[in-house]
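Values in this text are rule-based calculations from the coordinates and carry no lab data. On a predicted model such as this, the values are computed, not experimentally measured, just so you know. Cβ placement follows ideal geometry from the backbone for every residue including glycine, while neighbour counts extend to all protein chains displayed.
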Amino acid sequence: MKTEFTINPHTGEMVVRSADEALLTRLQTYVGPSQDTDCGQSRQSPIPSGSNKSAQVRIASVVHGSLVDGPGVRSVAFMQGCTSSCSQCHSGHTHYLSGGIGVTVSELVSELVRADVARDGVTISGGEPLAQPEACAQVVTHLKGADIHVIVYSGLIYEDLVRAKDPALDGVLSLADVLVDGPFVVSLRDESLAYRGSSNQRVIDLAKTRETGKLCLLEWE
């Protein structure tokens, strides 16, 4: 597995992705044990814990300043829970349906749109965001209401989502700007691809797809 090191030009922080435990331990010897070096994002948000009885959405974490979850500098919500079990998934900790923390949609959106954080957009990843379709649709609705560019990553296939005729899924597809669809497939791993891991995963321009009525793909570099 290829380990990626990136320096965030806005914060000066180094972000590390796809590092094994031994490498992380060595890195912490140099950068200090307090640094977050177990993912490809730079700053994890201190969203309140999961004791909230009115929780509407389960998340693994929120991070800001990510350079690896879509073009530009992005705030990212990692939704909790996924049943796809993709081999060598780098976000295995997000798979457990009972893991993570419970927050309200309002709390999550408030963190994602924080005025003190510079961003080019928001990415909703996971886990499987569309395993919580109603919550995901609400989050996307609020973000687009604030005129924020939204990317959604899903291990599901666009055509299957359309065929499901689920109001919440339709809500996501009718508002989000981009959908990266399809599971990670080890045999199709392609390290030359930007912001995704295997060649079966498509970058779908949802805005243009809605406008033309035809599936439109983006080329990310």
Built amide H within the under 5 Å cut-off of ARG202, gap 5+: ASP181
Rounded to 5, the percent of DSSP beta bridges in the range 41-212 classed as antiparallel: 55 percent
Amide proton proximity set for SER61, modelled H, under 5 Å, gap of 5+: PHE78
From phi via Karplus (6.51, -1.76, 1.60), per-residue ³J(HN,Hα) for the range 185-202 in Hz, x at Gly/Pro: 10, 4, 5, 10, 4, 9, 6, 7, 6, 8, 6, 7, x, 9, 6, 6, 7, 9
Share, in percent, of DSSP beta bridges within the range 66-166 that are antiparallel, nearest 5: 10 percent
Residue exposure sequence - ASP166, ASP116, ASP190 - by fewest surrounding Cβ within 10 Å: ASP116, ASP190, ASP166
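Subtract the Cα-Cα distance of ASN200 and HIS93 from 0.36 nm times their separation in residues, and report this length gain in nm to one decimal. Numbers along the way, then the final one.
On the way: separation 107, 0.36 × 107 = 38.52 nm, distance 2.31 nm.
Extra length from ASN200 to HIS93 when fully extended: 36.2 nm.
Taking neighbour Cβ counts within 10 Å as the exposure measure, how do GLU111, GLU219, GLU134 sort from fewest upward?
Values: GLU111 19, GLU219 7, GLU134 16.
Ordered from fewest to most neighbouring Cβ atoms within 10 Å, GLU111, GLU219, GLU134 come out as GLU219, GLU134, GLU111.
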Footprinting exposure proxy for SER106, SER75 (fewest neighbouring C-beta atoms within 10 Å first): SER106, SER75
Contour minus Cα-Cα distance for CYS216 and LEU188 (0.36 nm per residue): 7.9 nm
In order through the range 154-169: 3J(HN,Hα) via Karplus (6.51 cos²θ - 1.76 cosθ + 1.60), integer Hz, x for Gly, Pro: 9, x, 8, 9, 3, 4, 5, 5, 5, 5, 5, 6, 8, x, 5, 4
